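Here the structure is laid out as structure tokens; the discussion comes afterwards.
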């Protein structure tokens, strides 16, 4: 899987889909998105449902430092994880 690259201060849109064992889209009762920055600090950005479709969620996060970031979506024992890289803009 390719890792997305962003610049410091650029908003990152984190997406998640939730399905049950049979593949049907669901909305967990509690949904949390965690972002871990390169210093180990964990932030919980606000999450929102994407459009009117069941099972599709997003969070917006704006990194202010460079490095490798990790994120994790959690909802009713379902997890999705990923990562992205942030580099300093040549214009900053």
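The values are calculated or read from the model by the stated rules, or taken from the named source; none is laboratory data. Quick caveat: nothing in here was measured; it's all calculated off a predicted structure. Methodologically, a virtual Cβ is constructed for each residue, glycine included, from the backbone with ideal geometry; neighbour enumeration extends over all protein chains shown.
Just one residue in the set 68, 39 is modelled with pLDDT of 95 or more and assigned to a loop (DSSP other than H, G, I, E, B); that residue is 39. Scanning the stretch 5-47 for residues that are touching a residue at least 60 places away in the same chain (Cβ under 8 Å), under 30 Å from residue 90 (Cα atoms) and surrounded by 14 or more Cβ atoms within 10 Å (Cβ to Cβ) returns 6, 7, 8, 12, 14.
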